[in-house]
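Just below is one structure, and these are the notes that go with it.
Throughout, read-outs are computed from the coordinates displayed, never taken from laboratory work. Treat the numbers as computed from the prediction; the structure is a model and nothing was measured. Note: ideal-geometry Cβ built from the backbone for every residue, glycine included; neighbour counts use all protein chains shown.
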Amino acid sequence: MKRTELRELTFKLIYSEMIQKQLDEEEIANFYEENKIEALEDKAYVQEIWNGIHEKETTILEAIKTNLKEAWSIDRIAKIDLAILKLAIYEMVYSKTPYKVVINEAVELAKKYGDDNAKAFINGILASIVKEENLA
């Protein structure tokens, strides 16, 4: 499976957990089966991102909060946008995926799943984090 497809599926898994509040191993196994994620390296990629986001969630959320405009709080961010941001920030900062690739694919996910303002919002937050983390 291509990395772009896996990234989109990983986003869907992150979003599912945000809606359901928790996913157990059986639900994740069902997710793999339903989405035809069969190759071990594909499962390993999804699992690495999934585990990494859980391990670094506090830091990731803090990075988002730090880059919001003053009148905004994390609670105002649509769950879809938040799921995209969590995935993108983890990949840029912790898995060392090139930030240009991550931002491009995050914006594409925002265009596909978010509202009309999502792509600009996500692009702005991620661009700020690139500068903040000296990723450029």
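Of the labelled options (i) 41, 38, 25; (ii) 42, 30, 28; (iii) 48, 47, 27, which one gives Cα extents along the principal axes in Å as computed for this structure?
Label (ii) holds the value from this structure.
Run through the stretch 37-136 and list the trypsin sites (Lys or Arg not before Pro) located in a DSSP loop whose Cβ has at most 10 other Cβ atoms within 10 Å.
Numbers: sites: Lys43, Lys56, Lys65, Lys69, Arg76, Lys79, Lys86, Lys96, Lys100, Lys111, Lys112, Lys119, Lys131; in loops: Lys69, Lys96.
When the trypsin sites (Lys or Arg not before Pro) of the stretch 37-136 are filtered for loop state and at most 10 Cβ neighbours within 10 Å, Lys69, Lys96 remain.
Take the Cα of Thr59, step 7 Å along the line toward its Cβ, and report every residue of the stretch 66-86 whose backbone nitrogen sits under 16 Å from that point.
So the set is 66, 86.
What net charge is computed for the residues neighbouring Asn35, neighbours being all others with C-beta under 12 Å from the C-beta of Asn35, Lys and Arg scored +1, Asp and Glu -1? The partial results should precede the final answer.
Details: positive: Lys12, Lys36, Lys43; negative: Glu5, Glu8, Glu33, Glu34, Glu38, Asp42.
Computed value for this residue: -3.
Within straight cross-link reach of Lys100, meaning Cα distance under 20 Å, which lysines are found once same-chain residues fewer than 8 apart are removed?
Leaving aside lysines fewer than 8 places away in the same chain, those within reach of Lys100 are Lys2, Lys86, Lys111, Lys112, Lys119, Lys131.
Find, among the GluC sites (Glu not before Pro) in the stretch 1-92, those assigned to loop by DSSP (not H, G, I, E, B) with at most 11 other beta-carbon atoms within 10 angstrom. Don't skip to the answer; put the middle values down first.
On the way: sites: Glu5, Glu8, Glu17, Glu25, Glu26, Glu27, Glu33, Glu34, Glu38, Glu41, Glu48, Glu55, Glu57, Glu62, Glu70, Glu91; in loops: Glu38, Glu70.
The qualifying sites are Glu38, Glu70.
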